[in-house]
Amino acid sequence: MTTAAPAAPRAAVTNRPADIVFKAVSTTAGVLILIALGGVALFLVVQAVPAIIGPIPEEEGANFWAWVWPLTFGTLWSALLAMVMAVPLAVAIALFITHYAPRKLAQFLGYLIDLLAAIPSVIYGLWGIAVLAPFFQPGYIWLAQNLGWLPLFSPPASGTGRTILTASIVLAVMVLPIITALCREIFLQTPRLNEEAALALGATRWEMIKMAVLPHGRSGIIASSILGLGRALGETMAVAMVLASSGVVSFVLIGSQNPSTIAANIALRFPEAHGITVNMLIGSGLVLFAITLLVNALSRWIIAKTTVDGGR
Amino acid sequence: MTTTIAPSRTAQNPLTAGQLPPWAPWGLLGVSLLIGAAIAGLIAGASGSDFSVVIVGLVGFVLYLVSVTVVSQLIEGGRKAADRLVTGLVVGAFLLALIPLISLIVTVVVNGAARFDLQFFTWTMRNIVGEGGGVLHAIVGTVLVTLWAAIISVPVGIFTAIYLVEYGRGALAKAITFFVDVMTGIPSIVAGLFAYALFALFAGEGVRSGLGGAVALSLLMIPTVVRSTEEMLKLVPNDLREASLALGVPKWLTIAKVVLPTALAGIVTGVTLAIARVIGETAPLLIIAGFTTNMNYNVFDGRMMTLPVFAYNQYISPGVQEQAYFDRAWSAALVLILIVMILNIGARVIAHFFAPKSGR
């Protein structure tokens with residue numbers, strides 16, 4: 001019936017024009033991402049240079065680094081506080097969802113925690129001011145009265161409750177779902193045989209977790225915590241709204257004089273900024289970019305290292 | 001060591017001897033909460049303040065942990081006691097994490113209901129001082145900015161994922177994978193600064209435009225799209241690709257007609273989640289899109305209000321009639337939360353109903 005085209009079977013697999021175009025488009029998309037990221041770094045540096053090398057207005061500080069240091073301190077300090085609260089809680093929640101909750105409920109409970117990550121940060125800010133700060137304010141007064149001899153709680157306590165501790169609690173709530181989600185995945189990857197062996201030997205559930213789950217997931221917990229730290233460092237709106245900052249360097253948790261953070265400072269000042277101030281703010285953004293880059297690279301490195309020689 | 005074996009007690013059943021009955025923890029919890037309530041009542045009576053549920057929870061929880069550990073230690077021994085203590089702590093941690101979620105949603109719904117009316121959705125803030133006004137301009141702005149962000153980032157993201165899964169070998173693919181990871185960690189405010197720096201090159205200092213906001217958002221959106229699409233493409237069985245190629249179908253057609261349709265549901269889910277993630281972003285839009293009280297349909301020129309920035313602006317710089325501004329902020333927050341929830345649930349519905357059946 002059909003007179004088979006004799007040349008068809010030899011049709012070259014490569015060098016079809018459409019194939020080349022498609023591959024070129026895909027490759028271009030990938031390269032575009034590299035260019036965009038290079039652009040981020042380049043444009044930020046170009047805009048930041050006038051402030052970094054040149055003089056800045058006298059009322060801001062002696063030079064750029066003297067100006068950016070208190071902000072950097074506030075960024076690191078608030079993120080560290082948030083981590084201290086969030087990491088143990090996140091590990092416990094991940095354990096609850098993977099090893100304690102009833103199987104059928106586990107996925108739904110995990111989804112509830114994920115909802116925390118879906119809520120926009122500006123809403124966390126509103127909630128922090130309206131609910132959290134007034135809620136903790138009497139506690140801060142009590143702390144200042146009774147534990148005031150500790151440098152962390154030295155009086156006077158803030159009258160509004162909008163302290164760095166409140167901001168850190170909001171941050172902790174925000175990074176909690178991120179750390180929990182990663183820990184959950186890691187805990188689920190614990191070799192099933194190890195868990196069953198521990199239980200078969202008579203271990204209680206906690207002993208099984210201590211002997212099988214936690215050692216297996218240790219580096220994963222560290223990596224996910226650092227990833228959460230990166231997120232806490234860059235969080236802007238919640239801190240900008242909740243924190244009543246005055247740009248000091250202080251470890252006091254509950255006072256009315258709080259260090260600001262880089263991101264919050266940019267958000268608060270950029271809308272009205274002009275001239276050299278814009279360059280200064282972009283310069284501080286560059287510092288933040290560098291810090292988060294470092295933190296994220298560290299976390300990726302730990303993850304990559306463990307997936308290679310980890311396994312089973 | 002000492003008390004694990006208790007044969008001397010009236011052991012009716014040797015299998016359950018030396019164990020707490022299953023109702024014991026619940027009983028202890030109930031008693032602890034009752035004591036907590038009593039203490040809270042005493043404090044409320046003594047100081048004249050309100051009855052505090054916080055004290056009930058806190059005292060009850062601590063009492064429960066202590067009592068269950070002690071009772072278990074006495075009857076079951078140290079190992080079981082530690083197990084029960086940890087179980088209590090772990091469940092407590094989970095309940096603690098639910099408190100902010102519930103508190104936040106209740107607060108937003110209660111406060112947001114005040115201005116959740118027709119005028120709110122049909123008016124802008126032009127010439128509004130004090131009460132009244134609405135968020136129409138902010139909703140339009142959010143939709144336009146997010147739409148443009150999606151137009152920029154969805155093709156780039158999907159094609160990058162195709163490159164990584166179908167073509168990518170060697171140093172370039174490794175570099176792209178690494179830098180997509182790096183992009184995931186860019187703080188949103190830095191993305192806003194980047195868009196500003198980029199647009200300031202062409203339009204000079206103080207530039208504000210909706211498109212700038214879209215560029216900033218797409219910077220945050222691209223890594224999410226790439227990651228989720230990549231995962232989905234990797235799930236497509238190699239058999240399908242090989243069968244198609246063996247039939248003589250060109251590679252690009254194999255990808256377009258076989259691989260992508262198979263992964264479509266997952267890709268749509270990923271894109272929806274990425275949109276849900278960026279639609280609530282405030283910081284970059286505050287910097288590059290700015291705020292205005294007027295309607296602006298043109299993303300290429302002029303300030304453009306968006307919902308998150310509206311909520312922030314109303315709350316942070318209220319006018320004379322403070323409450324009117326706060327109400328608008330909360331209602332905008334409620335609208336925003338509803339949009340995000342609808343997107344999230346929609347993504348899950350798509351993933352659930354349109355996922356290809358695995359067949360086994």
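The values are calculated or read from the model by the stated rules, or taken from the named source; none is laboratory data. This is a predicted model, so every value here is computed, not measured. Heads up, the Cβs are rebuilt from the backbone with ideal geometry, glycines too, and the neighbour counts pull from every protein chain shown. Quick note on the areas: whole protein, heavy atoms, side chains included, nothing else; ligands and nucleic acids left out. Shrake-Rupley method; radii C 1.70, N 1.55, O 1.52, S 1.80 Å.
A search for C-beta distances below 7 Å between a residue of segment B:242-265 that is under 13 Å from residue B:162 (Cβ atoms) and within 14 Å of another protein chain (Cβ to nearest Cβ) and any residue that is of a type in the set (Asp, Glu) and open to solvent by less than 50 Å² (accessible area, probe 1.4 Å), counting only pairs 6+ apart in sequence or on different chains, returns B:251/A:19; B:252/A:19; B:255/B:166. Screening the candidates A:218, A:300, A:269 for the property of being open to solvent by 40 Å² or more (accessible area, probe 1.4 Å), basic (Lys, Arg), more than 8 Å from chain B (Cβ to nearest Cβ) and within 28 Å of residue A:182 (Cα to Cα) yields one hit, A:218. Only a single criterion out of (1) closer than 30 Å to residue A:273 by Cβ; (2) more than 12 Å from chain A (Cβ to nearest Cβ) is not satisfied by residue B:336, namely (2). Just one residue in the set B:297, B:312 is in contact with a Leu (Cβ under 9 Å, 6 or more places away or on another chain), open to solvent by 40 Å² or more (accessible area, probe 1.4 Å) and not acidic (Asp, Glu); that residue is B:297. Screening residue A:278 on (1) open to solvent by less than 10 Å² (accessible area, probe 1.4 Å); (2) under 29 Å from residue A:93 (Cα atoms); (3) within 14 Å of chain B (Cβ to nearest Cβ) shows it passes everything except condition (2). Looking only at residues of segment B:276-294 that are within 14 Å of chain A (Cβ to nearest Cβ) and open to solvent by 40 Å² or more (accessible area, probe 1.4 Å), we find that the one that is nearest to residue B:347 (Cα to Cα) is B:277. Answer yes or no: is there a residue in segment B:216-232 that is farther than 27 Å from residue B:263 by Cα and at pLDDT 90 or above. Looking through segment B:216-232, at least one residue is farther than 27 Å from residue B:263 by Cα and at pLDDT 90 or above. If the condition is being touching a residue at least 24 places away in the same chain (Cβ under 8 Å) and not small (Gly, Ala, Ser), then segment B:122-135 contributes B:124, B:125, B:126, B:127, B:128, B:129, B:131, B:135.
If you check B:38, B:81, B:97 for being among the hydrophobic types (A, V, I, L, M, F, W, C), part of a helix (DSSP H, G or I), open to solvent by less than 50 Å² (accessible area, probe 1.4 Å) and over 17 Å from residue A:132 (Cα atoms), only one passes: B:81.
For residues that are part of a loop (DSSP other than H, G, I, E, B) and free of Cβ contacts under 8 Å to residues at least 24 places away in the same chain, scanning just segment B:289-319, find the one that is nearest to residue B:138 (Cα to Cα).
Among those residues, the one meeting the criterion is B:291.
This table checks each residue for (1) free of Cβ contacts under 8 Å to residues at least 40 places away in the same chain; (2) farther than 30 Å from residue B:81 by Cβ.
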residue: A:124; (1), (2): no, yes
residue: A:146; (1), (2): yes, yes
residue: A:150; (1), (2): yes, yes
residue: A:163; (1), (2): no, yes
residue: A:197; (1), (2): yes, no
residue: A:210; (1), (2): yes, no
residue: A:222; (1), (2): no, no
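What number of residues in segment A:191-206 are among the small types (Gly, Ala, Ser), surrounded by fewer than 14 Cβ atoms within 10 Å (Cβ to Cβ) and in a helix (DSSP H, G or I)? Total satisfying the criteria: 1. Candidates are the residues of segment B:153-186 that are in contact (Cβ under 8 Å) with a residue 40 or more places away in the chain and surrounded by fewer than 20 Cβ atoms within 10 Å (Cβ to Cβ); the one that is nearest to the other protein chains (Cβ to nearest Cβ) is B:181.
If you go through segment A:96-118 and keep only what is open to solvent by less than 10 Å² (accessible area, probe 1.4 Å) and within 7 Å of chain B (Cβ to nearest Cβ), you end up with A:113, A:116.
Residue selection: residue A:242 fails the criterion of being surrounded by fewer than 24 Cβ atoms within 10 Å (Cβ to Cβ) and in contact (Cβ under 8 Å) with a residue 40 or more places away in the chain.
Restricting to segment B:210-248, what's the tally of residues that are among the acidic types (Asp, Glu) and touching a Gly at 6+ places or on another chain (Cβ under 7 Å)?
0
When A:238, A:263, A:232, A:223 are checked against the criterion of being assigned to a helix (DSSP H, G or I), under 19 Å from the mean Cα position of the chain (by Cα), within 24 Å of residue B:186 (Cα to Cα) and away from every other protein chain (no Cβ under 11 Å), A:223 stands alone in meeting it.
Considering only residues in segment A:257-266 that are buried (at least 24 other Cβ atoms within 10 Å of the Cβ) and among the polar types (S, T, N, Q), the one that is farthest from residue B:180 (Cα to Cα) turns out to be A:258.
Within segment A:248-256, can one find any residue that is within 30 Å of residue B:83 (Cβ to Cβ), open to solvent by less than 10 Å² (accessible area, probe 1.4 Å) and of a type outside the set (A, V, I, L, M, F, W, C)? There is no residue in segment A:248-256 that is within 30 Å of residue B:83 (Cβ to Cβ), open to solvent by less than 10 Å² (accessible area, probe 1.4 Å) and of a type outside the set (A, V, I, L, M, F, W, C). Within segment A:126-148, being within 28 Å of residue B:275 (Cα to Cα) and more than 7 Å from chain B (Cβ to nearest Cβ) holds for A:128, A:129.
Scanning segment A:181-190 for residues that are open to solvent by 10 Å² or more (accessible area, probe 1.4 Å) and not polar (S, T, N, Q) turns up A:181, A:182, A:184, A:185, A:186, A:188. Output the residue which, of all residues in segment B:203-230 that are within 12 Å of chain A (Cβ to nearest Cβ) and more than 23 Å from residue B:163 (Cα to Cα), is most open to solvent (accessible area, probe 1.4 Å). Selected residue: B:205.
Only a single criterion out of (1) in contact with a Gly (Cβ under 8 Å, 6 or more places away or on another chain); (2) facing chain B (nearest Cβ under 10 Å) is not satisfied by residue A:70, namely (2).
For residue A:210, the criteria (1) more than 30 Å from residue A:76 (Cβ to Cβ); (2) under 21 Å from the mean Cα position of the chain (by Cα) hold in every case but one, which is (2). Looking only at residues of segment B:50-72 that are among the polar types (S, T, N, Q) and in contact (Cβ under 8 Å) with a residue 24 or more places away in the chain, we find that the one that is nearest to the other protein chains (Cβ to nearest Cβ) is B:72.
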